[in-house]
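> The structure's right below; bear with me while I get my questions together.
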Amino acid sequence: MAVYFQKREIVVPGQLLAEGRYRPSYGTYADREGKVFSAVVGLAELRGNTVKVVALEGVYTPREGDLVIGKITQVVGNNWRVDIGGPYGASLHANNALRRPYKDDISYYMDIGDVIVAEVSTFDRVTGPFLSMKGRGLRKLEGGMILHVSPAKVPRIIGRRGSMINMIKDTLGIQTVVAQNGRIWVRAKNIPTIRLAIKAFRMIEDQAHTSNLTDRVKNMLEEELANLEDETENEEDNEEEKMEDNEE
């Protein structure tokens, strides 16, 4: 048994990663001799005896169980057509989103332009993915904004066991949904906080291949929040001075 890469080394397609009793996972493949190769450009990782490569770039390809954020583009009979990015349009049947009985005109519940968070229930490359909204947290999204990132960077944005995204939510006090198709929904109390969230997500996207990223993102956010507080205090002081001048 042998491994031919360092932890989180950047590898390229066709590069030999390991041979022996190792199992290929995402971003890898094995030949008949049991040699594991990279299928994409990305960061190589070894977990136990499983080898995977986290792609640095790539178009979203649906998988069953994926959480996705999509926009409704058509209402046809009892189906909604949903744009989830990538080459495949998705379908959502009313039975997989609503409780019976429901109105004949399902646009009463969700219409063109509405944004939803759903789960890929089934997928094949002929009919495309089918979605479900019957699950915890699956719903129509109200307010907020949608940010687009590379789907390949989503695991880094979420972090191991949710460490990165939970840190951002706790630090900024925002509501957010990070979906596997590279779309992030963010809702915050004010515009400056949304801008900080966007800055954090872009920083992760640009530096996904680096180490200690969670700490650096947290430090950046804390510094920016302190600057915002100073600016707010200065504005309040200026307003008080103006009021005093007017009274005189």
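The values are calculated or read from the model by the stated rules, or taken from the named source; none is laboratory data. Treat the numbers as computed from the prediction; the structure is a model and nothing was measured. Cβ: placed from backbone, ideal geometry, glycine included. Neighbour counts: every protein chain shown.
> Considering only residues that are among the polar types (S, T, N, Q) and outside any strand (DSSP E or B), look in segment 46-74 and name the one that is surrounded by the most Cβ atoms within 10 Å (Cβ to Cβ).
Per the criteria, the residue is Thr61.
> Answer with yes or no whether Ser132 is free of Cβ contacts under 8 Å to residues at least 60 places away in the same chain, touching an Asp or Glu at 6+ places or on another chain (Cβ under 6 Å), surrounded by 16 or more Cβ atoms within 10 Å (Cβ to Cβ) and of a type in the set (Ser, Thr, Tyr).
yes
> Here are some conditions: (1) out of contact with any helix residue (DSSP H, G or I) (no Cβ under 6 Å at 6 or more places or on another chain); (2) touching a residue at least 12 places away in the same chain (Cβ under 8 Å). Ala94 meets all but one. Which one does it not meet?
It fails just one condition, (1).
> Another one. Take the conditions in the same structural domain as Asn190 (by TED's automatic domain parsing) and of a type in the set (A, V, I, L, M, F, W, C) and apply them to Val154. Does it pass?
yes
> Please give the helices (runs of 4 or more DSSP H) falling wholly within segment 122-228 in which 3 or more residues are of a type in the set (D, E, K, R).
Because the criterion is at least 3 residues that are of a type in the set (D, E, K, R), the helices (runs of 4 or more DSSP H) in segment 122-228 that meet it are 191-206.
> Among the residues of segment 27-45, is there at least one that is in a strand (DSSP E or B), hydrophobic (A, V, I, L, M, F, W, C), in contact (Cβ under 8 Å) with a residue 12 or more places away in the chain and surrounded by fewer than 18 Cβ atoms within 10 Å (Cβ to Cβ)?
So far as segment 27-45 goes, no, none of its residues is in a strand (DSSP E or B), hydrophobic (A, V, I, L, M, F, W, C), in contact (Cβ under 8 Å) with a residue 12 or more places away in the chain and surrounded by fewer than 18 Cβ atoms within 10 Å (Cβ to Cβ).
> Answer with yes or no whether Arg81 is assigned to a loop (DSSP other than H, G, I, E, B) and over 14 Å from the mean Cα position of the chain (by Cα).
No.
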